[in-house]
Amino acid sequence: MTRAALLVLADGRFPAGGHAHSGGAEEAVEAGRITDAATLGAFCHSRLHTAGLVAASLAAAAATGRHDPLGLDDAADARTPSPALRHTARRLGRQMMRAARATWPSPELDALAAARPRGAHQPIVLGLAARAAGLTPLDAAHASAYEAVSGPATAVVRLLSLDPFDATRVLARLAPDLDDVAARAVAAAATADTDELPAASAPLLDLGAEAHAAWQVRLFAS
């Protein structure tokens, strides 16, 4: 195993399409729920412990190799009530699949791509990519959890002209929460069957995603 692969997978420059998505931050800025670094921190904290935990658990489960990827993809659908977010997750999954198969060729990735030609949910692809790269389920969970907050933080720098140092400070202060969520995700992936993986809800993110999808003009795809 090479831990350097984790840096590649979690790097914002990895061509997985995440830069085009705000993780709900654009709608939250427009609605006045994110106005500065403090409210960005609150948003990221909530997102991490809800949608972030769910995604990290799915990614960790995929990385274990003990769960059927198609079953995990169905579980991701069941945990994503918003049609807009399901569309986004599969769109990001398609892009990550392309990048992952080019970087770490894997029969498991090939099989999932063939079974889900329109795209599997992104956390499932991330978990299989981590496995193909020789990483652990904990690595996959960390990468997924970090993505849950780094995307919104980066987006808000652009949306509000927030000082990048302030956004980075928000992420740094979330480090203990990131570790906690990743550990919880791995524990769930190791001990629970697919139906019992975390299903934390975030209704405001779901409603915001549906509203955002109807906008005629927007900076981010989601």
Exercise for review: Take the range 120-142 and flag every residue that is of a type outside the set (A, V, I, L, M), buried (at least 22 other Cβ atoms within 10 Å of the Cβ) and not in a helix (DSSP H, G or I).
Suggested key: His121
Study note, to complete from the structure: Residue hits (the range 35-46; farther than 17 Å from Ala10 by Cβ and either touching a Leu at 6+ places or on another chain (Cβ under 8 Å) or buried (at least 20 other Cβ atoms within 10 Å of the Cβ) (or both)) are Thr35, Asp36, Ala37, Leu40, Gly41, Phe43, His45
Review point. Looking only at the range 182-219, which residues are of a type outside the set (A, V, I, L, M, F, W, C), surrounded by 12 or more Cβ atoms within 10 Å (Cβ to Cβ) and assigned to a loop (DSSP other than H, G, I, E, B)?
Key: Pro198, Ser201, Arg218
Revision key, fill the gap. Counting only residues that are charged (D, E, K, R) and either under 22 Å from Ala133 (Cβ atoms) or not in a helix (DSSP H, G or I) (or both), the range 60-80 contains a total of 4
Exercise for review: Go through the range 56-99 and give me each residue that's within 16 Å of the chain's Cα centre (by Cα) and of a type in the set (Ser, Thr, Tyr).
Suggested key: Ser57, Thr80, Ser82, Thr88
Check your understanding: Can you spot a residue in the range 156-170 that is crowded, with 19+ Cβ neighbours inside 10 Å and closer than 17 Å to Pro69 by Cα?
Key -> no
Check your understanding: Can you name every residue in the range 99-119 that is surrounded by fewer than 17 Cβ atoms within 10 Å (Cβ to Cβ), without any contact (Cβ under 8 Å) to a residue 24 or more places away in the chain and under 21 Å from Ala5 (Cα atoms)?
Key -> Ala102, Pro107, Asp110
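Values quoted throughout were computed directly from the atomic coordinates according to the rules given, and no laboratory measurement underlies them. It should be emphasised that the depicted structure is a prediction, and the values quoted were computed from it without experimental measurement. Glycine gets a Cβ as well: all are built from the backbone with ideal geometry, and neighbour counts include every protein chain shown.
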